[in-house]
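Take a look at this one; I'll ask things after.
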Amino acid sequence: MLTVNALAAPSATDALVRTTVQRRDLGPRDILIEIAYAGICHSDIHTVRGDWGPVPYPLTVGHEIVGRVAEAGAEVTRHAVGDRVGVGCMVNSCRECDNCKAGYEQYCTNGNTGTYASVDRDGTVTQGGYSTHIVVDEDFVLRVPESIPYEAAAPLLCAGITTYSPLAHWKAGPGRKVAVVGMGGLGHMGVKIAAAMGAEVTVLSQTLGKKDDGLRFGAQHYYATGDPATFEALANTFDLIVNTVSAPVDMAAYLGLLRLDGTLVSVGAPPEPLPVQVFSLFGNRRSFAGSSIGGIAETQEMLDFCAEQGIAPEVEVIEADAVNEAYERVLKSDVRYRFVIDIASLR
Ligand code: NAP
Ligand code: ZN
Ligand code: ZN
């Protein structure tokens, strides 16, 4: 066992504190990663605050992880010591169900092993990336291209893949009109990726406060959802809407913006239900869908796509002790556009 420095939530209401967590001894197919940066996803906050239900405390979260391979088990073939690698939201899955076999480990019908707050194969609770090291099976470790700025790469492992996957699945590309609702961590990557795929991108944000940034990220249009005129101006417009909002929004209003056969996909995960009247779906034969992160092969495809396209998250790098302040800023939508913890400050 390796004892490593970490940040952990002692309860749903206490601030995160410095502590240590245990990492298992390296198995033959395991990799020890020395973590360099860990992104702060809104899901980390939902989880530690108990928004989605009870979790085991103390808990170390963090599922946007980049670092270097420090040690590799005897049978490891995919990665070598010194490689720049990443870990996202999953560290294992059953590998036998139809979904796993098809490369959809995120939809493992036996339940994948989450990077944190999951029961690991040895019966312990997984602890996430706000820590100096992590041990992960090589199959769930991604190659992170060196051309992506190191401090900006981590958010790709969740915010990047969670927006890439639905954009790819619902065919964002030339001739397709895509709207991204909420321009935070996920949303700003959704804008960059959809634009890189060639779609005509519109940002739907609460205000026009981040308009210049949205246009710089590749959007052609930017509207304030606080202005009711937006919903009239954009009625029957989009082929695809990706909703990244962490709180409930009025589904009927957004569904009304879809054109014939359009789809609204929610990746935002508020604890409350998102009620939908079927009549909102009848017009234009609309669909309302959800999407969860992405499979391992698709996550690698996304990393390589971002490297090729020269796109990366916009990050604000913070020291470990600033994490609680960063959480408060995320909750106020005051994030530009992802906080990333410099793990050197935890050593
Ligand atoms: P974030 O950085 O906080 O961004 C959310 C954005 O939503 C905010 O920046 C804000 O954008 C908008 N927003 C926040 N509160 C709002 C409200 N009350 N009304 C309207 N708009 C509001 O969060 P994130 O890290 O991108 O995560 C977003 C959501 O996705 C979270 O619920 C998270 O748990 C979930 N998530 C899901 C998956 C998945 O696999 N499906 C993966 C990762 C995260 P504007 O300021 O532009 O309005
Ligand atoms: Zn996440
Ligand atoms: Zn499975």
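Checking A102 against (1) more than 16 Å from I296 (Cβ to Cβ); (2) more than 16 Å from ligand 2 (Cβ to nearest atom); (3) of a type in the set (A, V, I, L, M, F, W, C), which test does it fail?
(1)
Taking only segment 104-158 into account, find how many residues are within 14 Å of ligand 3 (Cβ to nearest atom) and either part of a helix (DSSP H, G or I) or touching a Phe, Trp or Tyr at 6+ places or on another chain (Cβ under 7 Å) (or both).
Here the count works out to 5.
Right, another one. Is at least one residue of segment 299-308 farther than 30 Å from G50 by Cβ, surrounded by 20 or more Cβ atoms within 10 Å (Cβ to Cβ) and not aliphatic (A, V, I, L, M)?
yes
Let me ask something additional. Where in segment 242-347 are there helices (runs of 4 or more DSSP H), lying fully within it, with 2 or more residues that are touching a strand residue (DSSP E or B) at 6+ places or on another chain (Cβ under 7 Å), modelled with pLDDT of 95 or more and under 23 Å from H46 (Cα atoms)?
323-331
Could you check segment 256-281 and list, in sequence order, the residues that are surrounded by 14 or more Cβ atoms within 10 Å (Cβ to Cβ) and within 16 Å of ligand 1 (Cβ to nearest atom)?
If the condition is that a residue be surrounded by 14 or more Cβ atoms within 10 Å (Cβ to Cβ) and within 16 Å of ligand 1 (Cβ to nearest atom), then L257, T263, L264, V265, S266, V267, G268, A269, P270, L274 are the ones that fit.
Please go through (1) within 20 Å of G185 (Cβ to Cβ); (2) in the same structural domain as F140 (by TED's automatic domain parsing) for D321 and return the number of the only condition it doesn't satisfy.
Failed condition: (1).
Ok, one more. Quick one: which residue in I65, I40, I35, I31 is over 30 Å from E328 (Cα atoms) and buried (at least 22 other Cβ atoms within 10 Å of the Cβ)?
On inspection, the qualifying residue turns out to be I31.
Given segment 159-231, what strands (runs of 3 or more DSSP E) lie entirely inside it while holding 2 or more residues that are buried (at least 24 other Cβ atoms within 10 Å of the Cβ)?
Qualifying strands (runs of 3 or more DSSP E): 177-181, 200-205.
Of everything in segment 88-107 that's farther than 19 Å from V55 by Cβ and touching a strand residue (DSSP E or B) at 6+ places or on another chain (Cβ under 8 Å), which residue is surrounded by the most Cβ atoms within 10 Å (Cβ to Cβ)?
It comes out as E105.
Further question on the same structure: If we scan segment 92-103, do we find a residue that is part of a strand (DSSP E or B) and either touching a helix residue (DSSP H, G or I) at 6+ places or on another chain (Cβ under 9 Å) or outside the structural domain of V135 (by TED's automatic domain parsing) (or both)?
yes
Filter segment 106-139 for residues that are within 16 Å of ligand 1 (Cβ to nearest atom) and more than 22 Å from L16 (Cβ to Cβ) and give the result. Write out each step before concluding.
Restricting attention to segment 106-139, the residues satisfying the condition of being within 16 Å of ligand 1 (Cβ to nearest atom) are 106-108, 111-118, 128-130.
Q106, Y107, C108, G111, N112, T113 - these are the residues of segment 106-139 that are within 16 Å of ligand 1 (Cβ to nearest atom) and more than 22 Å from L16 (Cβ to Cβ).
Just name the residue that is surrounded by the fewest Cβ atoms within 10 Å (Cβ to Cβ) out of those in segment 244-255 that are in contact (Cβ under 8 Å) with a residue 40 or more places away in the chain and of a type outside the set (S, T, N, Q). Let's see the steps before the verdict.
Initial filter on segment 244-255 (in contact (Cβ under 8 Å) with a residue 40 or more places away in the chain): 244-246, 249, 254.
Okay, now just the ones that are also of a type outside the set (S, T, N, Q), so 245, 249, 254.
Numbers: V245: 24, V249: 19, Y254: 24.
Among residues in segment 244-255 that are in contact (Cβ under 8 Å) with a residue 40 or more places away in the chain and of a type outside the set (S, T, N, Q), the one surrounded by the fewest Cβ atoms within 10 Å (Cβ to Cβ) is V249.
Could you tell me which residue of segment 282-291 is nearest to S93 (Cα to Cα), considering only residues that are surrounded by fewer than 17 Cβ atoms within 10 Å (Cβ to Cβ) and within 14 Å of ligand 1 (Cβ to nearest atom)?
G290
The values are calculated or read from the model by the stated rules, or taken from the named source; none is laboratory data. None of these values were measured; they are calculated from a predicted model. Positions of Cβ are generated from backbone atoms using ideal geometry, with glycine treated the same way; all protein chains shown enter the neighbour counts.
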